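Right, one structure below, let's go through it.
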Amino acid sequence: MLTLPPFIAHRGASADAPENSLEAFRKAAELGASWVEFDVMLTADGVPVVHHDDNLRRIAGVDRDMAETDFAELQEVNATLATAIPSLEETLAVLGKAGLLANVEIKPTPGTAAETARRTIDTLRRHWGHDTPPLLSSFDWQALAVAADVMPAWPRGVLIDFRDTPDADWRRAADRLGAYSLHLDQRSATPALVDEAKALGLRVLTYTVNDPDRARALWNMEVDSVFTDRVTAIGEAAKSSE
């Protein structure tokens, strides 16, 4: 279904440009990435935008929640920023021009899992510019269940952080959701865990890997792809490991 690259630019080339920005996606392509990863959530009026945090404080310096901010209000915030928070539609236009494929993380604000999944997929259906489908992932497995129902042909990745949910039954979730891949914190990756996931037919992706030696160790474990902020360094490590 997919041919995963050895590395994926995490929120774009986020060591070289502001994360989840159009600049970060263009820079990722310029530096040689073939895939990017980014987060999608909804504004208060249901517009899918590319942003990671529930609150705008860290990125925009404004103490307000995305879930309480209309898209028009977000544009007013963007007008004060050097780098705007883009809509999903704007992002897909840039990806199409740059020839970038993507792991789209569905990142709902509390209580919006189903709506976020549906609106994200609707926008992707209308504006995705490749024959190869996007890889959809989420920590919110309800969102993935909706994705499986709405767009079953597109691959899904179960995201998990064992530090937050040490007892989560990822095996059952992966089976129930018809998952393509398991995405986990690279600090949790062990040869035994990778082997178990592979035995279940899952691809394994790990985040966030910025040390070339750690990337090589993960590839040696047969991790399929690593998410990285440092596209140049990890890209060079990937070439030297071929």
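The values are calculated or read from the model by the stated rules, or taken from the named source; none is laboratory data. Note that the coordinates shown come from a computational prediction; the quantities given were computed from them, not determined experimentally. In this analysis, Cβ positions are derived from the backbone assuming ideal geometry, glycine residues included, and neighbour counts consider all displayed protein chains. The protein model used for the area step is the full one, side chains on, heavy atoms only, and it has no ligands, DNA or RNA in it. Shrake-Rupley method; radii C 1.70, N 1.55, O 1.52, S 1.80 Å.
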Under the Karplus curve 6.51 cos²θ - 1.76 cosθ + 1.60, θ = phi - 60°, whole-Hz ³J(HN,Hα) for region 30-39, x wherever Gly or Pro sits: 4, 8, x, 6, 9, 10, 10, 10, 7, 9
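Relative contact order of the chain: what whole-number percent is it, with Cα pairs under 8 angstrom and at least 6 residues apart?
Numbers: 478 pairs, mean separation 48.9, N = 242.
The value is 20 percent.
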Candidate lysines - alpha carbon under 20 Å from LYS239, same-chain residues fewer than 8 apart omitted: LYS27
Amide proton proximity set for HIS51, modelled H, under 5 Å, gap of 5+: ASP39, VAL40, MET41
Whole-Å distance, taken between Cα centres, linking region 34-65 and region 210-242: 27 Å
Net +/- balance of residues flanking LYS97 in space, Cβ distance below 14 Å, scoring K and R +1, D and E -1: -2
Separation in nanometres of the label points that stand 7 Å from Cα toward Cβ, at ASP149 and THR132: 3.1 nm
GLN75 versus ASP167: modelled label distance in nm, points set 7 Å from Cα along the beta carbon direction: 4.9 nm
Accessible-area composition of region 129-242, carbon plus sulfur, in percent [1.4 Å probe]: 46 percent
Whole-angstrom gap from region 96-128 to region 1-20, using each part's C-alpha centre: 16 Å
Relative contact order of region 181-242, defined on C-alpha pairs under 8 angstrom at six or more residues apart (%): 32 percent
Structure-derived Cα extents along the principal axes in Å - corresponding label in (1) 48, 37, 35; (2) 92, 56, 46; (3) 58, 43, 31: (1)
